[in-house]
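The values are calculated or read from the model by the stated rules, or taken from the named source; none is laboratory data. For clarity, every value in this text was computed on a predicted model and none was experimentally measured. Methodologically, a virtual Cβ is constructed for each residue, glycine included, from the backbone with ideal geometry; neighbour enumeration extends over all protein chains shown.
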Ligand SMILES: [Zn+2]
């Protein structure tokens, strides 16, 4: 496309992260000129509050919804859930803008939006690497980067105040297996032209060594597969097409068969075949129920569940509940993935169970079966040196990662006054000479229950937490509407308070307390002294009673039915 001059913005350009800065996950960045907004990524964060029913957390889209007519495009750097997973919620909340993404990302988005019945309603525009997309106040040039998913992009964005580079998630991989090494010239050229602001991935800012190459997995797998005495199960992220492709290549070479276990793994292999990243595998792929027809040491099972998810295939195999695969002595399980912080306990449980089945299990902390998709210190420095930005904001990381990335930037010669460590909700104003935080948006996250997702408020979460910690006491009474006297009850029900053996006397005592309150309440009415707050009195007295006897104040729900 022929580029035209960008219309100047009457206000400073705003850069507003509403997710992904200060945590790993739910990446979402807003670029706002006076007339136009671009959104970069729209991801979710898997929740560590799942025991309270919170399945995941998404950015708060209020700011965008209030300015939805200004939004000209949502750019997705790649197809990981923490970059695309909240898209359905954004669209459902009324945000309606074209979605720009690469081919593989578009397929993943298509599948994801089907779940929300939105796939026909979106305007998806697939870009190739190097494409330029022109708006009135922005011009976006896409650039290929290496990552643990194919078709990942960085964005080079021309604005009227200057050039901004958003790296997306990236690493520099000389042997990515699919695709080519990140083209340094693209970033150097931008640097030569002058970059006002670099926004760069901080996930691995604490790692000193250059990240390992995806292609480095190949010889390790080859060695392990050749030596296999039994069935080999390989568990990995379903989105890592390059790794799956390596396993298919090895299987072909070694005349082994592959069966695929798990919905997302099947889906992504089909998508990868659709765009020929995996091809000619009809002779390799077998159905799960055909496994018994082949010698055990010629079989590879690709499986989901590398994070210990209890519903996934690997967890089922570990407890002997998979209908097609029964592990035995001599089998080998390769966990080819990172243990995501927070999942260690669940993963450990699966590993322990797999060992109990007699299988040998190799995993990240013991064997190098996984390489990270994120740039480590040498690559981060290289990016900084190629781009030579005037201002730098580290993105995608916990606060400590952002701090370490800022240190690296200083080492490359960017002075302190040109580095901003900002977190979600910060409003950064950018002019050709300055980059500073001028405002802070309120709460920037929304808790979601279930995949279809209703929103959970903080109050509900607080209640669940309290209920979980202390349990709940219900009291039930029936009151005559006219006379205002109690005609039935009280009944007392305890949930989650004490063990059954102790329950009896507590219920009796609690009933007596309520009865006394009722007596006083009724005598007040009979004396014509008006009505006391029966429910509040029950609540206060029972909380006191349980606190005295059990040392905790449960939630008390006094129910008074009127008849
Ligand atoms: Zn990613």
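Of everything in segment 68-98, what is surrounded by fewer than 24 Cβ atoms within 10 Å (Cβ to Cβ) and farther than 23 Å from residue 55 by Cα? Give them in sequence order.
The answer is 68, 69, 70, 71, 72, 73, 96, 97, 98.
Here is a check on your reading of the model: is residue 354 more than 16 Å from the ligand (Cβ to nearest atom), touching a residue at least 12 places away in the same chain (Cβ under 8 Å) and either surrounded by fewer than 22 Cβ atoms within 10 Å (Cβ to Cβ) or under 23 Å from residue 181 (Cα atoms) (or both)?
Answer is no for this residue.
Having 1 or more residues that are at negative phi and within 28 Å of the chain's Cα centre (by Cα) is the bar; report the helices (runs of 4 or more DSSP H) wholly within segment 174-267 that clear it.
217-226, 241-254
Only one of these conditions is not met by residue 467: (1) modelled with pLDDT under 85; (2) exposed (fewer than 12 other Cβ atoms within 10 Å of the Cβ); (3) part of a helix (DSSP H, G or I). Which number is it?
(2)
So is residue 498 modelled with pLDDT under 85, surrounded by 12 or more Cβ atoms within 10 Å (Cβ to Cβ) and closer than 16 Å to residue 555 by Cα or not?
When the stated conditions are applied, residue 498 passes them.
Within segment 93-102, restricting attention to residues that are touching a helix residue (DSSP H, G or I) at 6+ places or on another chain (Cβ under 9 Å) and within 22 Å of residue 154 (Cα to Cα), which residue is nearest to the ligand (Cβ to nearest atom)?
By that ranking, first place goes to 101.
Counting only residues that are without any contact (Cβ under 8 Å) to a residue 60 or more places away in the chain and in a helix (DSSP H, G or I), which one in segment 268-290 is surrounded by the fewest Cβ atoms within 10 Å (Cβ to Cβ)?
The selected residue is 289.
Could you look through segment 160-174, keep only residues that are surrounded by fewer than 23 Cβ atoms within 10 Å (Cβ to Cβ) and more than 18 Å from residue 395 (Cα to Cα), and pick out the one that is nearest to the ligand (Cβ to nearest atom)?
Taking the candidates together, the pick is 174.
State all residues of segment 355-377 that are outside any loop (DSSP other than H, G, I, E, B) and over 22 Å from residue 222 (Cα atoms); if no residue qualifies, say none.
Of everything in segment 355-377, those that are outside any loop (DSSP other than H, G, I, E, B) and over 22 Å from residue 222 (Cα atoms) turn out to be 355, 356, 377.
Under 30 Å from residue 417 (Cβ atoms), away from the ligand (no atom under 15 Å from the Cβ) and modelled with pLDDT of 95 or more: which single residue out of 140, 145 fits that description?
After applying the criteria, what remains is 140.
Only one residue in 359, 315 is without any contact (Cβ under 8 Å) to a residue 40 or more places away in the chain, surrounded by 13 or more Cβ atoms within 10 Å (Cβ to Cβ) and in contact with a helix residue (DSSP H, G or I) (Cβ under 9 Å, 6 or more places away or on another chain). Which one?
Every option except 315 fails the conditions.
Please state which of the following conditions residue 386 fails to meet, knowing it meets all the rest: (1) buried (at least 20 other Cβ atoms within 10 Å of the Cβ); (2) within 23 Å of the chain's Cα centre (by Cα); (3) away from the ligand (no atom under 16 Å from the Cβ); (4) not in a loop (DSSP other than H, G, I, E, B).
If we test residue 386 against (1) buried (at least 20 other Cβ atoms within 10 Å of the Cβ); (2) within 23 Å of the chain's Cα centre (by Cα); (3) away from the ligand (no atom under 16 Å from the Cβ); (4) not in a loop (DSSP other than H, G, I, E, B), just (2) comes out false.
Please name all residue pairs, on different chains or six or more residues apart, with Cβ atoms under 9 Å, provided the first residue is in segment 67-92 and is within 15 Å of residue 153 (Cα to Cα) and the second residue is away from the ligand (no atom under 15 Å from the Cβ) and in a loop (DSSP other than H, G, I, E, B).
Final answer for the pair search is 74/95; 74/97; 74/98; 75/127.
Inspect all residues belonging to segment 222-237 and state whether any of them is free of Cβ contacts under 8 Å to residues at least 12 places away in the same chain and not assigned by TED's automatic domain parsing to the domain that holds residue 19.
Yes, some residue in segment 222-237 is free of Cβ contacts under 8 Å to residues at least 12 places away in the same chain and not assigned by TED's automatic domain parsing to the domain that holds residue 19.
Could you grab me the full set of residues in segment 161-170 that are part of a strand (DSSP E or B), within 16 Å of residue 129 (Cβ to Cβ) and in contact with a helix residue (DSSP H, G or I) (Cβ under 7 Å, 6 or more places away or on another chain)?
Once the filter is applied, which keeps residues that are part of a strand (DSSP E or B), within 16 Å of residue 129 (Cβ to Cβ) and in contact with a helix residue (DSSP H, G or I) (Cβ under 7 Å, 6 or more places away or on another chain), segment 161-170 yields only 165.
Kindly check whether there is at least one residue in segment 5-14 that is modelled with pLDDT of 95 or more and within 18 Å of the chain's Cα centre (by Cα).
No, every residue in segment 5-14 fails to be modelled with pLDDT of 95 or more and within 18 Å of the chain's Cα centre (by Cα).
Within segment 18-34, identify whether any single residue is surrounded by fewer than 24 Cβ atoms within 10 Å (Cβ to Cβ), away from the ligand (no atom under 16 Å from the Cβ) and not in a strand (DSSP E or B), and answer yes or no.
yes
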